[in-house]
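Structure record follows, encoded as structure tokens.
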Amino acid sequence: MNPFLIVVLALGIGFFSGLRAFTPIALVSWLAIWGWMPLAGSPFWFIGTTTFAIAISILALIELVGDKLPKTSARTQLLPLVARMVTGGVSAAALCFSAGRPWLLGLCLGASGSVLGAFSGYYVRRAIVGRLHIRDFLIALLEDFITAGGTLYIVHSFYHTPV
């Protein structure tokens, strides 16, 4: 696979982690369980366990609901941003490792992409809601679909792009 494409895909999965901290890693976990991503024997073996998949999926569902609440803190604050950096970095690192690429590169790119996703997602969402006078809830739902679909597209691209 083209090294530039690896960089783009690792940044991309990090970007989607910036939009929703737990959705991309939950999807990566289930895909590992279903055999799309061989992670056994890797530093990321735990992602491919049912216990992890269930726990992170519960966190993803809580986040999907919590994001729609008016008093939820901004994703650009320190704790939510660090969570996004961790999940984005680990998701991209696992993806790179399972594809035979340097996982440390994936870790750095995923964490960087999550910061980009968190800030751009936050400001784009605010701008759309403010300028178009659309309910925030609707834009948040759209963001959920973009995150899930984008993550699945990236994983598919990682494994189905010619070398």
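The values are calculated or read from the model by the stated rules, or taken from the named source; none is laboratory data. The shown structure was predicted, so the numbers you read here are calculated from the model rather than taken from an experiment. Here the Cβ positions follow ideal geometry from the backbone for every residue, glycine too, while neighbour counts run over all protein chains shown.
Tabulated data for the structure shown
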item: For residue 106: the one exception among (1) outside any helix (DSSP H, G or I); (2) touching a Phe, Trp or Tyr at 6+ places or on another chain (Cβ under 9 Å); result: (1)
item: Tally, over segment 39-49, of residues that are touching a Phe, Trp or Tyr at 6+ places or on another chain (Cβ under 9 Å) and not aromatic (Phe, Trp, Tyr); result: 3
item: Test: residue in segment 123-139 that is assigned to a helix (DSSP H, G or I), out of contact with any Pro (no Cβ under 7 Å at 6 or more places or on another chain) and closer than 22 Å to residue 90 by Cβ; result: no
item: Some residue of segment 48-64 being touching a Leu at 6+ places or on another chain (Cβ under 6 Å), of a type outside the set (A, V, I, L, M) and within 15 Å of residue 24 (Cα to Cα); result: yes
item: Residues that are surrounded by 17 or more Cβ atoms within 10 Å (Cβ to Cβ) and either polar (S, T, N, Q) or in contact with a Leu (Cβ under 6 Å, 6 or more places away or on another chain) (or both), drawn from segment 65-89; result: 87, 89
item: In segment 97-119, the residues that are surrounded by fewer than 17 Cβ atoms within 10 Å (Cβ to Cβ), touching a Gly at 6+ places or on another chain (Cβ under 9 Å) and aliphatic (A, V, I, L, M); result: 116
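For every residue, the table says whether it meets (1) closer than 21 Å to residue 62 by Cβ; (2) hydroxyl-bearing (Ser, Thr, Tyr).
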{"site": "86", "(1), (2)": "yes, no"}
{"site": "91", "(1), (2)": "yes, yes"}
{"site": "106", "(1), (2)": "no, no"}
{"site": "111", "(1), (2)": "no, no"}
{"site": "136", "(1), (2)": "yes, no"}
{"site": "145", "(1), (2)": "yes, no"}
{"site": "150", "(1), (2)": "yes, no"}
{"site": "155", "(1), (2)": "no, no"}
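Table: residues versus (1) farther than 20 Å from residue 149 by Cα; (2) in contact with a Gly (Cβ under 7 Å, 6 or more places away or on another chain); (3) modelled with pLDDT under 95; (4) not β-branched (Val, Ile, Thr).
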position: 9; (1), (2), (3), (4): no, no, yes, yes
position: 12; (1), (2), (3), (4): no, yes, no, yes
position: 21; (1), (2), (3), (4): no, no, no, yes
position: 33; (1), (2), (3), (4): no, yes, yes, no
position: 38; (1), (2), (3), (4): yes, no, yes, yes
position: 44; (1), (2), (3), (4): yes, no, yes, yes
position: 51; (1), (2), (3), (4): yes, no, no, no
position: 81; (1), (2), (3), (4): yes, no, no, yes
position: 95; (1), (2), (3), (4): no, yes, yes, yes
